[in-house]
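Scroll down for the structure; my scribbles are underneath it.
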Amino acid sequence: MRRRDVTVLDLPGGVRLLVACDAAGGIGPKEQDRVRVSGYVLGRFTARVALMEIVAAGGRPLLLVNTACVEPEPTGKEILAGIEAEARLAGLGPDAITGSWEKNIPTVQTGLGVTALGLAEGSPPGAVAGDLIVAIGRPKVGDEVSLADPEIADLPLVLRLAKDPRVHDLLPVGSRGIAAEAEEMAGSAGLDLEWLEPQPGWDFRKSAGPATCVLAAVAPEDLPGVTQGLRQPWTPVARLAARGGGREPEGA
């Protein structure tokens, strides 16, 4: 079955195998790439998305599969260094990374896919009526995205939130934007959304690119404790309610 962007396979003994992936095309160091970044940066962000999805779904990452449509050197080597750096944040070493390169055809544009596998026991608690959906991290895409940007979500943030029992649900935001992912979170819990007015500078419909933003479902009384000490900006997005109400989100 699927749980949002993660495929879930039930294994014997109550264990679940989680599978998540991310892909990037036209982003990298090659001559025809539309967004020019190093292979290292590309590897970091593509691996980050897949790992964040596994962790947010309540899983423990086990393995990364790198499928890069570039030559092994120099571009492939740079990408792999980025993947390995991100994997270390999840406790994975080089032996937990496998994959392949394009060894026959010269390429002029970068393509990369990363698949993450993880294990989970039991099921995450899930959001409940009355919870607030909070966006943490600023949505950014394309040339706006930088590894050094303190405003974007990252893997250490998701690892921290996933361990916090006050966070009832957790969902990385990608290209669909905050509004679409909030609707996904509510739908998976069988709840409606009561949208809150966006604060200045927040666009609930903007793409968050490589998961530069995450959504957390938190009881209102727990919000100060969950957000205390965060370096990323955050904002309430909506309140979850029992089915039967709700309205469309307002503009940015």
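Taking region 34-74 as the range and being among the basic types (Lys, Arg), surrounded by fewer than 18 Cβ atoms within 10 Å (Cβ to Cβ) and outside any strand (DSSP E or B) as the test, only Arg34 passes. Pairing residues of region 60-71 that are in contact (Cβ under 8 Å) with a residue 12 or more places away in the chain with residues that are part of a loop (DSSP other than H, G, I, E, B) and β-branched (Val, Ile, Thr), at Cβ distances under 7 Å and at least 6 apart in sequence or on separate chains, gives Cys69/Thr107; Val70/Thr107; Val70/Thr110; Glu71/Thr107.
When region 1-33 is examined, which residues are found to be part of a loop (DSSP other than H, G, I, E, B) and either free of Cβ contacts under 8 Å to residues at least 24 places away in the same chain or in contact with a Lys or Arg (Cβ under 9 Å, 6 or more places away or on another chain) (or both)? Give the steps one after another, and end with the answer.
Start the filter on region 1-33 by keeping residues that are part of a loop (DSSP other than H, G, I, E, B), which leaves 1, 4-5, 12-14, 26, 29-33.
Selection gives Met1, Pro12, Gly13, Gly26, Pro29, Lys30.
Take Gly82 and decide whether it is among the small types (Gly, Ala, Ser), without any contact (Cβ under 8 Å) to a residue 60 or more places away in the chain and touching a Ser or Thr at 6+ places or on another chain (Cβ under 9 Å). Criteria met by Gly82.
Among the residues of region 170-191, which ones are under 13 Å from the mean Cα position of the chain (by Cα) and either part of a strand (DSSP E or B) or of a type in the set (Ser, Thr, Tyr) (or both)?
Start the filter on region 170-191 by keeping residues that are under 13 Å from the mean Cα position of the chain (by Cα), which leaves 170-178, 181.
Leu170, Leu171, Pro172, Val173, Ser175 - these are the residues of region 170-191 that are under 13 Å from the mean Cα position of the chain (by Cα) and either part of a strand (DSSP E or B) or of a type in the set (Ser, Thr, Tyr) (or both).
Read the figures in this text as sums done on the coordinates, not as results from a lab. Note that the structure is predicted; figures quoted are calculated from it, not measured. So basically every Cβ, Gly included, is an ideal-geometry build from the backbone, and we count neighbours across all protein chains shown.
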